Every structure is written in structure tokens, then in C-alpha cells.
Amino acid sequence: MIDVRPSQQMRDLGVVQHGAGILSEPARAFDLPAERDEAERITDELFAAMERIGQVHPFAKGMGIAAPQIGVARAAAIVQPPGDGPAITLLNPRITTRSGQTDEQYEGCLSFFDVRGLVLRPLKITVETTALAGETVTTVYERGLARLIHHEVDHLDGLLYTARMLPGVEPIPVEEYRQTGRSWAYE
């Protein structure tokens, strides 16, 4: 039996991998409602990718995927919270406030799935998004869900979680991470 690395598995499922230029560039915002059809098409592509990925890897703590991770440089992302809650669609998301309270948890990324890294993030964020009809929607997210949303917004800004790690902290191999016993909020 051939052991396939997690990052190769994600690549095979259509996830753009670390090193691709699209992951380090800010995504282009939608002009809504004028680009409604385009936003819906890309959102459908994100849901399809999430479905493919979910069939081969369980995400008990939730997961997300941003359009650049499927090769589309547009400001759209989908977050599936833990449990049976509905998925959250983020179009043109922008974090407007961050709490001063933070925590440091391990995160993973579909675009370099072989490692995990300790990332310091706020426990509460306020996010503005654009609805398909063009209106601005403001939502407050807390704790694990704030971490998931923040991670995806970073993707749309051209940032990977490694940019948020404290100086001197490096990602660890997923095998080593599994031995830490630490809770994690996102993969």
C-alpha cells in the first residue's frame, strides 16, 4: 500500500498548494448585486470542493475553504462550523473589529496539510460581508468560529496562517502534532 501525504491528497482533490502565487495575492471583491451569478457559481464550486474533501477527511472541529484555494482569485469563502449547523458563506468579508482577548491554538491548512502551527488569534471578531443582493451584513463570531472565519478572511487577503505565528514558532509535522494532545480549532 502506498502512503499518500495529506498535502498530496488535498492536491488530488483540487486544492491549490503552498507556493502557488494565487495564495499570496489579495482576492478581487465582487460587485454585488451586478456579479450575483458569478458569486453563486463560485460559491457552488466551493461547496463542491468542501464535499469532496469531507468524503476523505473528517473535520470534527469545522473547516473552511477560500476561492483562491480552488484557483479562483475572488473574495468568497465557505466555513462549515462544527456540528450540524449550516455553512457560512463569506462574500467580500472584512474584519472590522478584533477583541483584545486572544488564544493560541493549532491550525492546519488544506493548502499545506502536512503540518500544523500554533496561531495567536482574537477570541471575538466582527465581520462585514456583502449579501448577494448587495447589502452589507455585519456578524460577530467568537472563539473557534472566530478562528475559522479569520483564517478564511486571511486567505482572501493573501495571507497564510504562518504569517500570524509568533516569531520563532515554526509549523510542526502533522504526525508530531497528533502526539501533542493539544486541542485544535481548525484544519
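The values are calculated or read from the model by the stated rules, or taken from the named source; none is laboratory data. Just so it is clear, the structure is predicted and the values come from calculations on it, not from any experiment. For the accessible areas, the whole protein counts, side chains as well, though only heavy atoms, and no ligand, DNA or RNA atoms are used. Shrake-Rupley method; radii C 1.70, N 1.55, O 1.52, S 1.80 Å.
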I'd like the orientation of helix 143-156 relative to the chain: the angle between its Cα long axis and the longest Cα principal axis, in ° from 0 to 90, rounded to 10.
70 degrees
Quick one: Karplus J couplings for the range 26-36, per residue in order, coefficients 6.51, -1.76, 1.60, θ = phi - 60°, nearest Hz, x for Gly and Pro?
x, 7, 7, 5, 8, 9, 9, x, 4, 9, 4
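Based on alpha-carbon atoms only, what is the radius of gyration of the range 70-135 relative to the globular estimate 2.2 N^0.38 Å? If you can, show how the numbers build up before the last one.
On the way: Rg = 14.2 Å, N = 66, 2.2 N^0.38 = 10.8 Å.
The reported ratio for this selection is 1.31.
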Read phi for every residue in the range 48-58 and hand back ³J(HN,Hα) as whole Hz from Karplus 6.51 cos²θ - 1.76 cosθ + 1.60, θ = phi - 60°, with x for Gly and Pro.
5, 5, 4, 5, 4, 5, x, 6, 10, 9, x
Report, in deg cm²/dmol and to the nearest 500, the calculated mean residue ellipticity at 222 nm for the chain, where each DSSP H run with n ≥ 4 adds -39500 (n - 2.57) and the sum is divided by the residue count.
-8000 deg cm²/dmol
Normalise the Debye intensity by I(0) for the range 84-187, one equal point scatterer per Cα, no solvent, then take log10 at q = 0.24, 0.25 Å⁻¹ and round to two decimals.
-1.37, -1.44
P(r) of the chain in 10 Å steps, Cα pairs, percent per bin?
9, 38, 38, 12, 2, 0
Estimated Rh, the range 27-105: Kirkwood, alpha-carbon pairs, angstrom
13.9 Å
For the range 28-98 and the range 152-167, compute the distance between their C-alpha centroids and round to whole Å.
16 Å
What list of ³J(HN,Hα) couplings, whole Hz, do you get for the range 102-107 from phi and the Karplus terms 6.51, -1.76, 1.60, once you set θ to phi - 60° and write x for glycine and proline?
10, 9, 10, 9, 6, 10
Prolate/oblate/rounded label for the range 111-152 (Cα gyration tensor, a/c 1.5):
oblate
Leaving ligands, DNA and RNA out of it, report the carbon-plus-sulfur percent of the accessible area of the chain at a 1.4 Å probe.
51 percent
Rounded to the nearest whole Å², what accessible area per residue is found for the chain with the 1.4 Å probe?
48 Å²
Cα-based shape type of the range 1-73, given that a ≥ b ≥ c are square roots of the gyration tensor eigenvalues and the cut on a/c is 1.5:
prolate
